[in-house]
Each structure stands twice: as C-alpha cells, then as structure tokens.
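Since the structure comes first, as structure tokens, the remarks are kept for the end.
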Amino acid sequence: MAVGGEHGSKAVVAALIGNTGIAIAKFIGFGITRSSSMLAESIHSVADAGNQGLLLLGGRQAKKEADDEHQFGYGRERYFWSFVVALILFTLGSAFAVFEGIDKIRHPHEIDNFGVALVILGFGICLEAWSFRTAIVESIPLKGDLSWWQFIRRSRTPELPVVLLEDLGAQIGLVIAFVAILISEVFDAPIWDGIGTLSIGLLLGVIAIILVIEMRSLLIGEGATERDMDKILAAIDDAPGVDHLIHIKTQHIGPDELLIGAKIEFDNDLTVGELAAAVNGVEEAIRAEVPYARPIYIEPDLLREEAAIRAGDDYG
C-alpha cells in the first residue's frame, strides 16, 4: 500500500543527519576552493536539512489531539509542512543556484585546492548514499508492486516521496558538481564550474515542481488508494445485512487516517436494533481490512436506481 502512518521518520532523521554533516563539509570546502558549484551544493544541503526539520515538525504537530476547532485532528499538518518544504526551501535553493551559476558563467574564476573539493564531494556522495538507502528501505514495505514513480505519485505518506526525491536530487547534484569541478581543472575551463552550478539549480527546480504538484494534491485531499478502495467495497458487500451500496466517498485527513462516508441499503426486514448492529458490522468489516479507516459514517438509505453507484463501477 502506498500509505502508512509511522513509516518515514527514520528516513527523515537519517537525511537530517546526513545533510547536516554534508553541509558543514561543503561550506568548509567552499571556503577553501571558492568553487561556485561547491557553494551551490552547500546551500542545497542546508535547504535539505531545513526540509527535514520541517518534516519532523509536521509529524510532531500531527500528533496533537483533536479539539473543538479541529474536530478531525491535525493529521494534515504533515501535508502542509511537506508542501512548505517543496514550495519554499526547494524553490529558494533552486533560485540561488541558478543565480550563482549565471553569475559564474559570466565571470568565471579559477578553483583553488582542486583536490580538497573532490575529496569533500566524494565524502558527500558516500553520506548521501547512506541516507538515500535508508529512504529506499523505509519505502519498500509501502511501495509493494508499484514502480518508484507510481509510489511517489500515489503515496499518501508525504515524508517518503520528499526524502526520496531530495536524496536522489542531492546524489545527482553531487555528481554534477564533481564532474564540473573536474572538467574545470583538467581542461583549464573554469566556466564549467558555473555550468555545473546552473545545472544543480535547474535540477532543484524540477524536483520542486514535482513535489509542489504532489503535496498540493495531498493537501487538498486525496481519496483512498485503488487497492484500499477495493478492500473497502468488498468488506461492505460481504457484511451481514447489506443489500446494496448506494454511494461512497473517501478522503485522507492524514497519512494514517481515512475518512469514509457511505450510503447503504440494508435488508428491509431488519429491526431498528438489528439495523444498528448491521451498521456497526460494516464499520468493523472495513476496519478489519483497512485499519486506519477512521472516522466512518454509514447512512442507511433506500436504493434509487438513477442515483445508484454500484461497487466496482464508480465509487464517487
């Protein structure tokens, strides 16, 4: 399933540790080499570390108890802060790198201590690979048989797509910086340092656009995944006392909270007490298949053919 509650926190912490260490090393490297690619990567790592801090904040805020003002709780805090990460920090990191890259292309200068730059970038690649591996391991149980792109597109857990794309972008950015600095030194063409910086900025911009689109969709509210919807429909159909499913709507109010509202026609000969028991039976059947399905609202109704929504055709 491309959903999940506690999954992702380990990946976020690993990315925070990795990016903090990498940022320190890169700033030291920039101070020694004066490489614009190194500076762009330094800002990139600072932005990434800030991203993880906001993701952890969102996870903490989402655990607050529901109150009179937010009666469905604070689960969407995780979506909101993931959106902020995509919209602001990535965008700022991208804009800075693009500006710096254009400036260095127009006014290139030699790179000092070429060897130091490559050693630091090599260290960053290794540390980032560890963070990326952690995110992949955390994602595999939720990904199932989906492709990685499908997982990023369909996941209801925002932290994992953010960290996966962050780490992938960081790895590619480090390789770009490494190659740009190497070309600049070997061919005595410092303009390639600026080209590398500009490339890193454009890479961050692409990642920002992808994440903004995905996090916006989650923040607005996405329904149950196709697999979960199939389980919910089957649970309703098999529940005792159910005659027809008339209408159903779902929405994630958090990664591990799924709101379900359904109109169901129950057997006509049920007493009031039996009807109440049948409604409770439907809720129990749904939660047995999709444990994070809560809250659930079931409305008994009569089937009208023109408004009927049959399970498996269109569930609204």
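A short reminder: the numbers here are calculations on the coordinates, not readings from a lab. Quantities reported herein were computed from a predicted structural model and do not represent experimental measurements. Note that each Cβ is placed from the backbone with ideal geometry, even for glycine, and that neighbours are counted across all protein chains shown.
Brief remarks on what is shown
- Sequence ranges 98-106, 44-52, ranked by mean other-Cβ count within 10 angstrom, highest first: 44-52, 98-106
- When DSSP beta bridges are restricted to pairs lying wholly in the chain, around 60% turn out antiparallel.
- The slack in the chain from residue 217 to residue 172, taken as 0.36 nm per residue of separation less the alpha-carbon distance, amounts to 13.6 nm.
- Whole-Hz couplings from phi, Karplus 6.51/-1.76/1.60, listed for region 57-66; x for Gly and Pro: 4, x, x, 5, 5, 5, 7, 4, 5, 4
- Relative contact order, percent, region 226-307 [alpha-carbon distance under 8 Å, six or more residues apart]: 36
- Calculated FRET value between residue 129 and residue 24, using beta carbons and R₀ = 25 Å, to 0.05: 0.90
- Rounded tilt (10° steps) of 114-143 against the dominant C-alpha axis of the chain: 10
- Share of Cα-Cα pairs in region 9-220 lying beyond 21 Å, as whole percent: 53
- Taking label points 7 Å from Cα along the Cα-to-Cβ direction, residue 88 and residue 237 give a separation of 4.7 nm.
- The chain - percent relative contact order, Cα under 8 Å, separation 6 or more: 22
- Residues 138, 41, 185, 110 arranged by fewest to most Cβ contacts within 10 Å: 110, 185, 138, 41
- Degrees between helix 191-220 axis and first principal axis of the chain (Cα, 0 to 90, nearest 10): 10
- Relative contact order %, region 68-214, counting alpha carbon pairs below 8 Å whose residues are six or more apart: 47
- Estimated distance in nm for a label pair at residue 251 and residue 149, the labels positioned 7 Å out from Cα along Cα-to-Cβ: 3.0
- Applying a DSSP loop filter and a limit of 10 other Cβ atoms within 10 Å to the chymotrypsin sites (Phe, Trp or Tyr not before Pro) in region 139-194 leaves 187.
- Tensor-based shape of region 226-307 (alpha-carbon gyration tensor, a/c under 1.5 rounded, otherwise prolate or oblate): prolate
- Peptides 77-86, 263-272 ranked from most to least packed, by the mean per-residue count of other Cβ atoms within 10 Å: 77-86, 263-272.
- Each peptide in 121-129, 164-172 gets a packing score, the mean of other Cβ atoms within 10 Å over its residues, and the list from highest to lowest is 164-172, 121-129.
- Sites residue 202 and residue 34 - FRET efficiency at Förster radius 22 Å, r taken between beta-carbons, to 0.05: 0.50
- If R0 is taken as 41 Å, the Cβ-Cβ distance between residue 226 and residue 95 corresponds to a FRET efficiency of 0.65.
- Extension gain for residue 297 to residue 189 (0.36 nm times residue separation, less C-alpha to C-alpha distance): 32.2 nm.
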